[in-house]
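Inspection log for the structure reproduced underneath, given as structure tokens.
The values are calculated or read from the model by the stated rules, or taken from the named source; none is laboratory data. Just so it is clear, the structure is predicted and the values come from calculations on it, not from any experiment. Glycine also receives a Cβ, built like all others from the backbone with ideal geometry; neighbour counts cover every protein chain displayed.
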Amino acid sequence: MFTLIWNNWLLVGLIPPLLYAIVALFDAYFVDRQIFHNAREATMISALLGALPLLAPASGLYDFSLPAPTVTIVAFLSGVAFAGHVYFYIAALFRRNDTVLAESIQNLSVLCVPFLAFLLIDEVLTPLHYLGIAVASLGVVFMYCYRKTASRITFSGCGSLLISMLLFSFTLVAAEWVYQHTSFWDGFMVFSGGMFATGVMLYLCGEKSRLPALIARRWRFFIAIEAITTVGVICSHRAVDISPSATYIAITECLGAYFILLLSVVVFWFSRISGKSVNVLAKICKQQLVDYPGKIIAGLFISSSIYLVYSY
């Protein structure tokens with residue numbers, strides 16, 4: 001079963017949006033409960049703990065070989081860009097704690113990735129695949145425009161999400177190029193090194209006194225969440241490695257907002273059925289259900305686009 005999933009770009013590509021949806025709800029919880037004071041603290045912990053795969057070569061479990069210099073630089077910068085993507089994403093949540101909205105704007109990567117892939121690595125897709133991109137884009141636009149609360153969205157919040165989306169798009173295209181020139185695990189270890197270096201830089205360049213106490217209080221929780229994130233990132237990179245194009249993975253990532261919606265329904269109604277008072281996480285999940293008809297329709301658009309790119 002593992003081999004079947006690991007070697008099929010669609011199956012392995014569907015894992016990241018599901019795992020990211022779980023993490024996104026906890027991100028919203030962290031922001032709502034003010035566990036982090038700012039996006040820097042959240043990114044620092046994510047980048048430092050997100051480098052857990054580096055323990056494999058450090059402990060001798062994996063025989064790491066440094067790729068060619070150019071490949072190493074691109075993979076390292078990809079890790080830095082991914083940490084930057086996390087920072088601007090969390091910064092937007094501090095302005096407006098709506099993960100479905102955040103994911104819907106993140107999904108504009110479905111347009112950005114093919115453009116960057118054409119610009120940076122001369123990638124050209126078939127007309128039918130561009131049709132799939134257009135269908136996914138319609139779903140993203142519909143989800144955004146349907147919102148009755150759209151008038152309360154700030155320009156600064158959208159600006160942070162757009163920067164986050166651009167950085168994430170770069171990581172996908174860079175990963176496609178890197179894995180064309182080196183083995184998967186060697187490239188991914190350098191990517192993890194870029195994340196770790198960014199986390200160290202954030203720690204050194206800002207207020208340091210809160211971090212040790214914060215990790216000491218919640219280290220089990222942080223490790224669990226970052227382990228989920230790390231599995232999602234590994235699967236995302238593996239999907240890019242074996243798929244015909246990083247654009248296909250950008251399309252599967254669009255299901256993230258849809259999965260958040262589904263998970264929010266499950267958590268909220270489980271809390272109601274259990275007979276307990278609605279807890280904080282359930283309340284946050286309820287917030288994600290705003291304008292749910294538009295989100296469902298958008299999910300159908302995106303699912304159709306995945307069918308197009310996978311079947312033809």
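Quick notes on this structure:
- Here residue 208 meets each of (1) part of a helix (DSSP H, G or I); (2) basic (Lys, Arg); (3) over 19 Å from residue 27 (Cα atoms) with one exception, condition (1).
- Any hit, the stretch 160-175, residues being over 17 Å from the mean Cα position of the chain (by Cα), at pLDDT below 95 and surrounded by fewer than 19 Cβ atoms within 10 Å (Cβ to Cβ): no
- Yes/no for residue 257 being touching an Asp or Glu at 6+ places or on another chain (Cβ under 6 Å) and either at pLDDT below 85 or within 26 Å of residue 112 (Cα to Cα) (or both): yes
- So residue 142, is it modelled with pLDDT under 75 and within 19 Å of residue 303 (Cα to Cα): yes
- Per-region count, the stretch 196-205, residues in a helix (DSSP H, G or I) and free of Cβ contacts under 8 Å to residues at least 60 places away in the same chain: 2
- From the options 94, 88, 115, residue that is modelled with pLDDT under 85, aromatic (Phe, Trp, Tyr) and under 14 Å from residue 166 (Cβ atoms): 115
- Taken together, 219, 177 contain a single residue that is closer than 25 Å to residue 61 by Cβ and either touching a residue at least 60 places away in the same chain (Cβ under 8 Å) or assigned to a helix (DSSP H, G or I) (or both), which is 219.
- Residue check, residue 100 closer than 24 Å to residue 237 by Cα, β-branched (Val, Ile, Thr), at pLDDT 75 or above and part of a helix (DSSP H, G or I): no
This table checks each residue for (1) of a type outside the set (Ser, Thr, Tyr); (2) touching a Phe, Trp or Tyr at 6+ places or on another chain (Cβ under 9 Å).
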| site | (1), (2) |
| --- | --- |
| 11 | yes, no |
| 16 | yes, no |
| 56 | yes, yes |
| 61 | yes, no |
| 78 | no, yes |
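- Looking across the stretch 12-68 at every residue that is crowded, with 23+ Cβ neighbours inside 10 Å and not in a helix (DSSP H, G or I), the one that is farthest from the chain's Cα centre (by Cα) is identified as 51.
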